[in-house]
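Here is the structure we will look at, set down as structure tokens.
The values are calculated or read from the model by the stated rules, or taken from the named source; none is laboratory data. Predicted model only: the values in this text are computed from it and were never measured. Neighbour counts are summed over all protein chains in view; Cβ atoms, including those assigned to glycine, are modelled from backbone coordinates with ideal geometry.
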Amino acid sequence: MNSLIQLKNGVASLASDDWTIVQLPATQVEARKQAGKVVLFKLTGEESVTTEQIENTIIPATGKIIVPLSVFIARHRELANRVAENEVGVWLATHELLEHLIQHQTDINELPIIAIFVERFADGRIFSLGTLLRSRYGYKNDLRAFGDVLRDQLFFLKRGGFTSFVIRADRSAADAIASLNDFSQPYQGAVDEPRPVFQRYNRGT
Amino acid sequence: MYKYDEIDQQIVDERVAQYRDQMRRFLAGELTDDEFRPLRLQNGLYIQRHAPMLRIAVPYGMLSAKQLHKLADIATQYDKGYGHFSTRQNLQLNWPKLEDTPDILAELATVEMHAIQTSGNCIRNITTDQFAGVAPDEVIDPRAMAEIMRQWSTFHPEFALLPRKFKIAVSGTLQDRAVVQVHDIGMEFYRDANHKIAIKVWVGGGLGRTPILGAVIREHLEWQHALTYCEAIVRVYNLHGRRDNMYKARIKILVKALGIDEFRKQVEAEWLHLKDSPNTITEAELARVAQHFADFDYESLPAQDASFDTAVASSPAFAAWVKRCVHPHKTSGYRAVTLSLKPHGKPPGDASSEQMHVVADLAAQYSFGELRVSHEQNLILADVKLSDLFAVWEKARAHGLATPNIGLLTDIICCPGGDFCSLANAKSIPIAEAIQMQFDNLDYLHDIGDIELNISGCMNACGHHHVGHIGILGVDKDGSEWYQVTIGGKQGNDASIGSVIGPSFSAEEMPGVVQKLIEVYIKERTPEERFIDTARRLGIAPFKAHVYAKNEVTA
Ligand code: HEM
Ligand code: SF4
């Protein structure tokens, strides 16, 4: 069963997925909690990826892969040829900083796909990350949401510039597609339609 | 007031359809409790002690007579024939059936109403001054901007799932009545040196378990940028606010952790990219929305009315009501009227369906068909002719809506507390009722004068106890209900958070404790001092001494 929804020119359809997500291995060392400590910029308390995890990440030898940001940065030499072949995308967790991606990869449009992993559907950081990638950093290729991606977030994800959605495995992507069109004339401008309704529709005077 | 066009109507209609399908999926087991929770919350549906609770949005507190009639009918048909007006100017139904809520929303949509974002971790109903548009001290009527912000925040795709709830208040008066300093964002509209509309922006205020007054993030913001500046603030918060601990997730915690200067720096850096983007408000849009709030066709009336003066002179009861419940109006010959939802011994803020119909009729007959809800949980007729006041009073009085206690001790702000709310440490409504009965003497109440007493059943502070001149907070000690008392809190331009006077009290002691606090005030006050002034001048010491003195004697 397909769990991928792909938006092309505003039209959504179920699609087969030719990308493989590369996962970090589980961490060996005890999680270092940042929560409670006041760190400028990062107060949200997630643990960071360890060097062991990055080294132990198994990257498949062939095929199209989406690698974790930390692996993409640390092992870029290994990946360089495949990046040139358009076979490498990057994924970020919602607490990771886009700045790290941008610092490392000056032209992000060399990446055919960027994916954001959302661990819990209620984590709305994904919407800001999508918005920033599109509007601030000018990303033009496929922007994907995966993880705890459920039907009732799709409309917002679409408006935030996401173009593909891997629906959580226990749910029907075919049913979920309908929610991409829950509302026909949203009020505010966003990535998919930057003009707010008062700029695009004659509401009288 | 604002009237929907086809765009607004389509959005609420599509919301009803969306919600109906979410409810269907939930009942069919296709959505787990955890998955359904944020969806239902963003539609105002809580699961509470006895039944679900549905919070209906009353944007910035404005209602038409037609809408209030509909709310009354809904309360009759789907609930127990009453509703509760809340401190955020909304209406709550305490006993709807889960399965009925889609139908209730469909009914609401027929009168341009909804329950969108009345709860949940999103931008909530935007609140303002209940006298917006008619207050003599108003510089700018904030309602047009509030409506523009309502539309912008409705289903804002970037801010649909924030770390925590987000409340915005706007005000355009010299005397702040919207408590902008205890909101996540507070916007104070004023005219700048060039006579242009400008905004002073506050951020990071809030009550709850960590009460904090907001800090000024920008002294001067041109009105066109209201939306993009809010986007910058909320974006920084969305990305960096804590999500690991819901008690530390409000923006106030982020602002405190970073410090206002660092927070401002990040917001301003973000705003550089957003400034002048398409969400910048145009003159045309402001004008379009503002005309919905244009002045009514007021008659030109003299400042005096003979029949009114005669009525005041001949009826002391009417005179008492006029003194407390009638407020100045910017137009000669008109007044604003507060209909008290605080009759002594009844749950503050509750109105029966019958009362709602009466108020709607009064609004239709005497106040251009509109009314407002105040955050003090009363109803307001904003545009009544002097010569009609007596008729309004007679009808209101016949329906228990004319208790002359506005701004007095028994005009209590009170959360639903332990009778309804599953988070409560203690009941709050019975405390309010007991205090009202203790002070059930109008002459005495008038002598005590202006005072605000606020009660919350737990530290979530729905009843704004921190900013009450007297604040009462329900606490749990070894499984029984106790009450902690603060004094010296205040809303308004010089807002402050109250100080705890000492160990907490049992429910039975509470009316006596309030009595003691008042005794100290009466004894110590100078002729022009209100309770809050005396409390500020003297600090808690004399109050504490008197209140606890009695305990020592009897203990
Ligand atoms: C009966 C069910 C209710 C529940 C479960 C509930 C829950 C809560 C919670 C958990 C908070 C604190 C949130 C935080 O600090 O992050 C809160 C705050 C608040 N609630 Fe309620 N509430 C209820 C009813 C009400 C009612 C009826 C009103 C209006 C009378 C109200 C008005 C408020 C206000 C004004 C705050 C603001 C405090 C602030 O600014 O931090 N709530 N509520
Ligand atoms: S203050 Fe506490 S008890 Fe009262 S309504 Fe809010 S959460 Fe419930």
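State which residue is farthest from the other protein chains (Cβ to nearest Cβ) when the search covers only the stretch B:472-498 and only residues that are within 16 Å of ligand 1 (Cβ to nearest atom) and more than 16 Å from B:L213 (Cα to Cα).
Within the stretch B:472-498, the match that is farthest from the other protein chains (Cβ to nearest Cβ) is B:I472.
Which pairs do you get when a residue that is free of Cβ contacts under 8 Å to residues at least 40 places away in the same chain, found in the stretch B:315-340, comes within reach of a residue that is buried (at least 22 other Cβ atoms within 10 Å of the Cβ), reach meaning Cβ atoms under 7 angstrom, with the pair 6+ apart or on two chains?
From residues that are free of Cβ contacts under 8 Å to residues at least 40 places away in the same chain, there are no pairs.
If you go through the stretch B:166-173 one residue at a time, do you hit one that is of a type in the set (F, W, Y) and more than 16 Å from ligand 1 (Cβ to nearest atom)? Please lay out each step first, then the result.
From the stretch B:166-173, those of a type in the set (F, W, Y) are B:166; that's our starting set.
Among the residues that remain, those that are also more than 16 Å from ligand 1 (Cβ to nearest atom) are: none.
There is no residue in the stretch B:166-173 that is of a type in the set (F, W, Y) and more than 16 Å from ligand 1 (Cβ to nearest atom).
Going by the structure shown, is B:S353 buried (at least 19 other Cβ atoms within 10 Å of the Cβ) and among the small types (G, A, S)? Walk me through it before giving the result.
Working: buried (at least 19 other Cβ atoms within 10 Å of the Cβ): yes; among the small types (G, A, S): yes.
Judged against the criteria, B:S353 is a match.
Residue by residue, here is whether (1) more than 14 Å from every other protein chain (Cβ to nearest Cβ); (2) under 17 Å from the mean Cα position of the chain (by Cα); (3) more than 23 Å from B:G205 (Cβ to Cβ); (4) away from ligand 1 (no atom under 11 Å from the Cβ) holds:
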position: B:I413; (1), (2), (3), (4): yes, yes, no, no
position: B:S422; (1), (2), (3), (4): yes, no, yes, no
position: B:S428; (1), (2), (3), (4): yes, no, no, no
position: B:F439; (1), (2), (3), (4): yes, no, yes, yes
position: B:Y444; (1), (2), (3), (4): yes, no, yes, yes
position: B:I448; (1), (2), (3), (4): yes, no, yes, yes
position: B:M459; (1), (2), (3), (4): yes, no, no, no
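I need a count of the residues in the stretch B:281-315 that are at the interface with chain A (Cβ under 9 Å from one of its Cβ atoms) and more than 26 Å from B:E370 (Cα to Cα).
Matching residues across the stretch B:281-315 total 2.
Is one or more of the residues making up the stretch B:196-219 farther than 27 Å from B:V467 by Cβ and not hydroxyl-bearing (S, T, Y)? I'd like the intermediate steps shown before the answer.
Applying the first criterion (farther than 27 Å from B:V467 by Cβ) to the stretch B:196-219 yields B:196-197.
Restricting the remaining residues to those that are not hydroxyl-bearing (S, T, Y) gives B:196-197.
Yes, the stretch B:196-219 contains at least one residue that is farther than 27 Å from B:V467 by Cβ and not hydroxyl-bearing (S, T, Y).
I'm trying to understand the selection: among the residues of the stretch B:43-95, which are at positive phi, out of contact with any Leu (no Cβ under 6 Å at 6 or more places or on another chain) and surrounded by 24 or more Cβ atoms within 10 Å (Cβ to Cβ)?
Passing the criteria: B:Y60, B:G61, B:Q89.
Which residue pairs have Cβ atoms under 8 Å apart, sit 6 or more places apart or on different chains, and have a first residue in the stretch A:178-205 that is more than 7 Å from every other protein chain (Cβ to nearest Cβ) and a second that is hydrophobic (A, V, I, L, M, F, W, C) and part of a helix (DSSP H, G or I)?
Hits for this filter: A:S179/A:L154; A:S179/A:F155; A:L180/A:L154; A:L180/A:F155; A:N181/A:F155.
Taking the residues in the stretch B:442-460 that are over 15 Å from B:I431 (Cβ atoms) and within 11 Å of ligand 2 (Cβ to nearest atom) as candidates, determine which candidate is surrounded by the fewest Cβ atoms within 10 Å (Cβ to Cβ).
The residue in question is B:N460.
Considering (1) in contact (Cβ under 8 Å) with a residue 40 or more places away in the chain; (2) more than 22 Å from the chain's Cα centre (by Cα); (3) under 27 Å from A:V118 (Cβ atoms), say which one B:R250 fails and leave the rest.
Against the list (1) in contact (Cβ under 8 Å) with a residue 40 or more places away in the chain; (2) more than 22 Å from the chain's Cα centre (by Cα); (3) under 27 Å from A:V118 (Cβ atoms), B:R250 comes up short only on (2).
Of the numbered conditions (1) within 8 Å of ligand 2 (Cβ to nearest atom); (2) under 16 Å from B:E508 (Cβ atoms), B:P430 satisfies every one except a single condition; which is it?
With (1) within 8 Å of ligand 2 (Cβ to nearest atom); (2) under 16 Å from B:E508 (Cβ atoms) applied to B:P430, the lone miss is (1).
Consider B:E394 against the criteria (1) in contact with a helix residue (DSSP H, G or I) (Cβ under 9 Å, 6 or more places away or on another chain); (2) on the phi < 0 side of the Ramachandran plot; (3) in contact (Cβ under 8 Å) with a residue 12 or more places away in the chain: it satisfies all of them except one. Which criterion is unmet?
Unmet condition: (3).
B:D383: away from chain A (no Cβ under 14 Å), closer than 23 Å to B:R88 by Cα and more than 16 Å from ligand 2 (Cβ to nearest atom), yes or no? Before the answer, list the steps.
Values: away from chain A (no Cβ under 14 Å): yes; closer than 23 Å to B:R88 by Cα: yes; more than 16 Å from ligand 2 (Cβ to nearest atom): yes.
Judged against the criteria, B:D383 is a match.
Tell me which residues, restricted to the stretch B:337-375, are closer than 20 Å to B:E138 by Cβ and within 16 Å of ligand 2 (Cβ to nearest atom). First the steps, then the outcome.
Here is the first cut: in the stretch B:337-375, the residues closer than 20 Å to B:E138 by Cβ are B:337-338, B:367-368, B:370-375.
If the condition is that a residue be closer than 20 Å to B:E138 by Cβ and within 16 Å of ligand 2 (Cβ to nearest atom), then B:H375 is the only one that fits.
Condition first: under 13 Å from the mean Cα position of the chain (by Cα) and of a type in the set (G, A, S). Now tell me which residues in the stretch A:99-127 satisfy that.
Hits for the stretch A:99-127 are A:A115, A:G124.
So, in the stretch B:1-39, of the ones that are among the aromatic types (F, W, Y) and over 19 Å from B:G120 (Cα atoms), which residue ends up nearest to the chain's Cα centre (by Cα)? Can you show your working first?
Residues of the stretch B:1-39 that are among the aromatic types (F, W, Y), as a first pass: B:2, B:4, B:19, B:26, B:36.
Next, from what is left, pick out any that are over 19 Å from B:G120 (Cα atoms): B:2, B:4.
On the way: B:Y2: 19, B:Y4: 23 Å.
Here the answer is B:Y2.
Only residues that are within 12 Å of another protein chain (Cβ to nearest Cβ), under 14 Å from the mean Cα position of the chain (by Cα) and surrounded by fewer than 24 Cβ atoms within 10 Å (Cβ to Cβ): list them for the stretch A:157-173, please.
Residues of the stretch A:157-173 within 12 Å of another protein chain (Cβ to nearest Cβ): A:157-162, A:168, A:170-172.
Those still in the list that are under 14 Å from the mean Cα position of the chain (by Cα) too: A:157-162.
Of everything in the stretch A:157-173, just one residue is within 12 Å of another protein chain (Cβ to nearest Cβ), under 14 Å from the mean Cα position of the chain (by Cα) and surrounded by fewer than 24 Cβ atoms within 10 Å (Cβ to Cβ), namely A:G161.
B:E138 versus (1) within 14 Å of ligand 1 (Cβ to nearest atom); (2) more than 14 Å from every other protein chain (Cβ to nearest Cβ); (3) modelled with pLDDT under 95: which is the lone unmet condition?
Failed condition: (1).
For the stretch B:236-257, give me each residue that is under 14 Å from A:G124 (Cβ atoms) and not in a helix (DSSP H, G or I).
Residues satisfying the conditions are B:G241, B:R242, B:R243, B:A249.
So B:E158 clears everything in (1) assigned to a helix (DSSP H, G or I); (2) surrounded by fewer than 24 Cβ atoms within 10 Å (Cβ to Cβ); (3) more than 16 Å from ligand 1 (Cβ to nearest atom) except one condition, right? Which one?
Result: B:E158 passes all but (2).
Pull up the stretch B:181-235, narrow it to residues that are among the aromatic types (F, W, Y) and in a strand (DSSP E or B), then point me to the one that is nearest to ligand 1 (Cβ to nearest atom). Walk me through how you get there before you give the answer.
Going residue by residue through the stretch B:181-235, those that are among the aromatic types (F, W, Y) are B:189-190, B:202, B:223, B:229.
In the following step, the residues that additionally are in a strand (DSSP E or B) were identified as B:189-190, B:202.
Numbers: B:F189: 21, B:Y190: 23, B:W202: 13 Å.
Among those that are among the aromatic types (F, W, Y) and in a strand (DSSP E or B), it is B:W202.
Among the numbered criteria (1) of a type in the set (S, T, N, Q); (2) over 20 Å from A:L7 (Cβ atoms); (3) away from every other protein chain (no Cβ under 12 Å), which single criterion is violated by A:T94?
(3)
Pick out the one residue from B:D361, B:D350 that is in contact with a helix residue (DSSP H, G or I) (Cβ under 8 Å, 6 or more places away or on another chain), of a type in the set (D, E) and in contact (Cβ under 8 Å) with a residue 40 or more places away in the chain. Show your work before the answer.
Values: B:D350 fails: in contact with a helix residue (DSSP H, G or I) (Cβ under 8 Å, 6 or more places away or on another chain).
None of the other options fit; the residue is B:D361.
Residue by residue, here is whether (1) assigned to a helix (DSSP H, G or I); (2) among the β-branched types (V, I, T) holds:
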position: B:Y444; (1), (2): yes, no
position: B:D447; (1), (2): yes, no
position: B:I472; (1), (2): no, yes
position: B:D476; (1), (2): no, no
position: B:G492; (1), (2): no, no
position: B:G512; (1), (2): yes, no
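Which residues, taken from the stretch B:461-470, are within 11 Å of ligand 2 (Cβ to nearest atom) and assigned to a loop (DSSP other than H, G, I, E, B)?
Listed by number, the residues that qualify are B:A461, B:C462, B:G463, B:H464.
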